[in-house]
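Beneath this line is the structure, given in structure tokens, with notes to follow.
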Amino acid sequence: MYKFIVLFGLIGILVFTTNYAYSQGTGLATFQETAQVIIDKNISQNVTAAITLQSTSIQEIKIPAELEQKIRDNGRITAIVLTNQDRCILGVLEQSCIIINVARDPADKNYPQIQNSTKRIADSFIDDLNKVFDTDAKYNSVFIQTNDELGKALETSGVISGSGTISAVYTMPMEDTGSMYEKISALLLPKIIRDSGGFYDIAKNLSKEENSKVTFSIIPVKNKSLLQLKLSVDYPNKASSINQVSPLEFLKTDELKRSDYFSSGFYPLNSILQVVVLSPETVTISDVKGNIVPTEIVDGEKIPKEITKEGWVFDPDQGKKIQGKYIFGKKTSISKEELIFSLAGNGTGIPEKIETSFDESVIIVIIITVVAVAAAIFYLKGYKK
């Protein structure tokens with residue numbers, strides 16, 4: 001968990017140092033678009049593809065200033081989540097949810113006290129949230145999470161879920177992803193971002209897929225809030241047969257284009273593709289069709305030596321957990337063929353012994369979920385200068 005705190009701290013620092021997309025020169029804008037493909041050969045055997053649009057600016061993801069201020073001023077709200085993810089919380093089936101996470105008051109000594117305290121705070125926000133989201137969610141329950149199942153289901157970070165997290169849950173009829181994404185996008189994203197294409201267009205197309213889900217989250221961070229709109233698609237039982245990785249196959253596109261929103265300046269780290277492979281045996285990256293960016297080690301992280309060239313940064317590039325991040329450099333698009341690479345096994349044909357621990361599972365969840373922090377790390381460890 002300490003590693004998560006450090007990473008989230010980087011986001012906190014980042015929100016004070018970034019510029020808007022219309023500032024001049026090389027920089028990191030507040031609006032970011034991330035494409036992600038997770039290939040889980042270890043547990044679920046599923047492939048998950050996702051597009052995340054995020055910002056710390058309420059001009060770029062529009063929630064009322066007074067609501068955002070109210071959330072931060074409360075001091076106990078750790079996250080607010082709107083999702084049509086099935087089973088958003090234990091006991092809730094086939095309903096969309098608004099989840100309000102509240103930090104526990106040390107004065108609350110038993111469940112009735114925790115329930116009353118949490119519900120009182122959450123109830124003071126639900127009418128405002130229903131108005132912003134154009135929903136009519138009704139109170140369902142207060143749930144004290146004992147594990148990280150919600151985090152795995154929603155693919156979000158430890159502030160969204162985790163042992164001891166207290167969630168006030170409000171439910172409403174299930175809404176199909178296509179219409180929900182269209183509505184939430186129209187409500188929250190300004191026309192200039194929707195008309196700028198890029199990863200937004202890919203998410204819009206993916207929202208029509210059978211196993212697609214949408215999640216919007218508000219996470220208070222110091223004197224701003226991290227706002228994230230995420231569209232994800234699951235491909236069940238597809239991971240085990242994959243030896244050649246073609247990320248855009250799962251994003252249902254032949255070309256990954258950056259948003260035109262960044263066209264007024266040089267923002268090379270505001271559009272990133274990330275691929276994560278989880279395997280029961282050691283695998284190694286091989287046969288990379290596109291470029292691999294030269295890197296250096298800075299504080300234990302592989303950092304590109306320069307960001308004007310497009311290509312992959314694999315860190316690590318072998319093991320039971322592989323992570324690749326693709327940066328565009330000066331290019332505005334990349335083709336499907338340029339992103340293909342292969343996975344080579346350990347040569348024995350026998351899976352290595354899998355050693356698991358609580359800490360490792362937390363780290364895996366962090367890698368899967370806190371995607372946009374990759375740009376923050378690259379930026380803060382070498383490119384802000």
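Values quoted throughout were computed directly from the atomic coordinates according to the rules given, and no laboratory measurement underlies them. Worth saying up front: this structure is predicted, and the values here are computed from it rather than measured. As a convention, Cβ positions derive from the backbone with ideal geometry for all residues, glycine included, and neighbour counts pool all protein chains shown.
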Go through 41/321; 119/224; 252/336 and tell me which ones have a Cα-Cα distance over 19 Å in this structure. 119/224
Distance violations [Cα-Cα > 20 Å] among 257/289; 230/309; 257/331; 62/204; 183/257; 109/222: 230/309; 183/257; 109/222
Within the stretch 206-294, which GluC sites (Glu not before Pro) sit in a loop by DSSP and count at most 11 neighbouring Cβ atoms inside 10 Å? 210
Classify the stretch 31-94: rounded, prolate or oblate, from the alpha-carbon gyration tensor (a ≥ b ≥ c, eigenvalue square roots; a/c under 1.5 rounded; otherwise prolate if a/b is larger than b/c)? oblate
Highest mean packing first, using Cβ neighbours within 10 angstrom, the peptides 102-113, 217-228 sort as 217-228, 102-113
Along the stretch 130-144, Karplus-curve 3J(HN,Hα) (6.51, -1.76, 1.60; θ = phi - 60°) to the nearest Hz, with x for Gly and Pro, reads 4, 5, 5, 8, 6, 10, 9, 6, 10, 4, 10, 5, 10, 10, 9
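Quick check: from the Cα gyration tensor, does the stretch 179-314 come out rounded (a/c under 1.5), prolate or oblate?
oblate
Once a ≥ b ≥ c are taken as the square roots of the eigenvalues of the Cα gyration tensor of the stretch 174-225, is the result rounded (a/c under 1.5), prolate (a/b larger than b/c) or oblate (a/b not larger than b/c)?
oblate
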